[in-house]
Amino acid sequence: MYAQISSKKILEPAALVVGLSLVLYAVISLSGKTVIPVLLALSAGILVTAFLLKKPAYFILGYFLLLPLTLENPEGISPGESVFLFYTILVAIFYLFLPIITGRLKLETTLDKLFLLFTLMLPYASALGLLNGANIYPAIGELTYYAGVFIYFALRYYLDKESFQRGLLYVFTLVLLFVIVRNAYNYQEIILQAYVPWQVEKARVASNEVLILFFTTLCTAAFVYAKTIKLNLIAIFFLGCGFLSLILTQSRGYWLAFIVSFSIIFLFVSAEKKGKMLVYFTAILVSILVIAKIYFSDFFDLIFNALIARFESIATSTQVDVSLLERFEESAAVFSKISANPVLGYGLGTEYVKFIFFERFHLSTSYVHNGYLAAWYKFGLPGLLLLLGIYVSIIRNSYRIFKQREETVHKIIALTILATIGGMLLVNNTSPQFLAFDSILLLTMMAAYCSQFRPAINNKENNS
């Protein structure tokens, strides 16, 4: 089905990639920027890759171990992110491009076909952006948002192996815990440096919120289906951590997204599980408040009042939120551009002009907060429909898995996917899920799972 990987087959493409990288970084170095750390990292990456190719599944797990290098959301492309992107290129070569060239890439499901089409649309969007006047650096920067797409067929290849499933579960869980711990640390630093209440109210750790949403939803589903006291306690502990981390993001959109995710889980489980969710979730919330009051009394009132003010702003109608006004104006500006070219779109990195209310000036930018408009603006109508088709197919398949498969683990994962997708569709109106690396990666992983474990038409299990 896929091209076989060996240490010999990596030498030619690796040499090509490294050679091009050396030329690129040599040019950069002439401008006075240091490239030695990047070159050393790339060289080390080649050596590590050569060893990992003896166990190809470890090569894919290594991709997820490197995720923290790019989840920091640094300005520009950092040396660590360069290493991750180099790794992504290798994954794409062996699990996508070589199988396409050799004719061994099998498209077994609708999601397989949709992801292949979306992958092929990326170079189109990049070229279109350059034709529409986009600077090459922003265009490449936006292209990196979709790096996670290239892991799809690699996951499809290995997800039928139980050892790989366990390894992926452990590694990705570590990544999710890393995000939560890092955000908690960053929030602590912000609070310790705050001097007045408004600084606390504005304190946010808005980084990788979608991964926290997924983690919290996963813990909720796991808790609902936990059958032993030990599993219940573990699920409750991590659910509390995820829920608290989600609160500290101070992202109103993701708060509402979790309410949607929680409601979807509540809708699909039995009456007994509904009661369990209400009782224990209330207990978790009260426990968090009590513990925070006892151990962090100096900051509790300040943080609590700030969070309440942030929450109340969701439904406040007596005051106009400047950020909302800017979003409306931004959407109108983007839609006016879309109306002039609704089919083809404008490509990656293409800028438009929006008005900033607070500073009272016009800004030229390529970033669009409304994810639906972002996809339409950058990929055209076919791209928007393609992305929506991926969402619809994931919803359909995760629902079938949840209803037809009997294994508890599949019930938990399928329900988590179904609930998370619901939250992502909502928050996509204000936080573009179609224009964020972690959202696209998560979407890719969920799609690969749904393709691999979809029930057969005759309701028998299909693990092929």
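For the cross-link pairs Lys113/Lys403; Lys337/Lys403; Lys55/Lys273; Lys161/Lys403; Lys55/Lys113; Lys113/Lys378, which exceed 31 Å when the distance is taken from alpha carbon to alpha carbon?
Lys337/Lys403; Lys55/Lys273, as the Cα separations exceed 31 Å there.
For a test of the definition: using alpha carbon positions, the gyration tensor, and the 1.5 limit on a/c, classify region 61-157 as rounded, prolate or oblate.
Taking the square roots of the gyration eigenvalues as a ≥ b ≥ c, region 61-157 is oblate.
Report the semi-axes of the equivalent ellipsoid for region 356-456 in whole Å, largest first, where each axis is √(5λ) for an eigenvalue λ of the Cα gyration tensor.
Semi-axes (√(5λ), whole Å): 33, 14, 9.
Per 10 Å bin from zero, what fraction in whole % of the C-alpha pairs of region 225-279 is there, up to the bin with the longest pair?
21, 47, 29, 3
State the extension gain, in nm to one decimal, for the chain segment bounded by Leu256 and Lys273, taking 0.36 nm per residue of separation less the distance between their alpha-carbons.
Numbers: separation 17, 0.36 × 17 = 6.12 nm, distance 2.19 nm.
Net length gain for the segment: 3.9 nm.
Rule-based calculations on the coordinates, nothing more; no lab input. What you see is a predicted model, and the numbers here were worked out from it, not measured in a lab.
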